[in-house]
1. Going through B:83, B:5, B:31, B:35 one at a time, which residue ends up being touching a helix residue (DSSP H, G or I) at 6+ places or on another chain (Cβ under 7 Å) and farther than 22 Å from residue A:9 by Cβ?
2. Does the range A:56-67 hold any residues that are surrounded by fewer than 20 Cβ atoms within 10 Å (Cβ to Cβ), in a strand (DSSP E or B) and touching a strand residue (DSSP E or B) at 6+ places or on another chain (Cβ under 7 Å), and which are they?
3. Could you please let me know if residue B:62 is in contact with a helix residue (DSSP H, G or I) (Cβ under 7 Å, 6 or more places away or on another chain) and within 12 Å of another protein chain (Cβ to nearest Cβ)?
4. Of the numbered conditions (1) outside any strand (DSSP E or B); (2) surrounded by 19 or more Cβ atoms within 10 Å (Cβ to Cβ), residue A:82 fails exactly one; give the number of that condition.
5. Among what's in the range A:1-54 and is part of a strand (DSSP E or B) and more than 21 Å from residue B:74 (Cα to Cα), pick the residue that is farthest from the other protein chains (Cβ to nearest Cβ).
6. Quick check, is residue B:57 under 29 Å from residue A:58 (Cα atoms), more than 9 Å from every other protein chain (Cβ to nearest Cβ) and at pLDDT 95 or above?
7. Give the residue, chosen from B:101, B:37, that is at pLDDT 95 or above and surrounded by fewer than 14 Cβ atoms within 10 Å (Cβ to Cβ).
């Protein structure tokens, strides 16, 4: 499939307050996250390189112990195996992230 | 660098009516495009897999002869070596695209 109407895709719920809609490729995985206030991703790392941007709202990220607020339109880059965490502060937010190589653990039926 | 304020990044101008701001990784390249009405990317292909989403406005895309309007929030996937083209119709639009492997031709100084 080449085209996706993201809002019509069924979400996965990886943690409380978080919805994800996944587009799986051969070399990368694109994920649209909806995150509710207070939702949190604890510290973790993975061999996949990760890039992201905030589509709506803002999130607090900590990448390699550097904590920042990432606002709508801003972007971030998590290198392979770097420890990172995130949480949603004031209002529900939308975040897009891309991973390479693909996240096999995120595979989703269309 | 882990964090980017995209609007403060200097743009490259790859074609008339198009600005791009590039974040380069090891396994992928993320590009924020600003496209003016009428701006056009003619048919082309590349070995890099490509995924994208429209951040603002809408664009007309043709992927493997399948022409669609992609609206804000929608996404698309161009597989390796698939012919595609695009143009901006009514109003200035913002598009995010990610490529893997990295686009060596898009390398940009910070």
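1. Unique residue meeting the criteria: B:31.
2. If the condition is that a residue be surrounded by fewer than 20 Cβ atoms within 10 Å (Cβ to Cβ), in a strand (DSSP E or B) and touching a strand residue (DSSP E or B) at 6+ places or on another chain (Cβ under 7 Å), then A:56, A:58, A:60, A:62, A:67 are the ones that fit.
3. Spelling it out, it is not the case that residue B:62 is in contact with a helix residue (DSSP H, G or I) (Cβ under 7 Å, 6 or more places away or on another chain) and within 12 Å of another protein chain (Cβ to nearest Cβ).
4. So residue A:82 meets the others, but not (2).
5. Applying the filter and picking the extreme gives A:15.
6. yes
7. Details: B:101 fails: surrounded by fewer than 14 Cβ atoms within 10 Å (Cβ to Cβ).
Only one candidate qualifies: B:37.
The values are calculated or read from the model by the stated rules, or taken from the named source; none is laboratory data. Everything quoted here is computed from the prediction, not taken from an experiment. All Cβ positions, glycine included, derive from the backbone under ideal geometry; neighbour counts span all protein chains shown.
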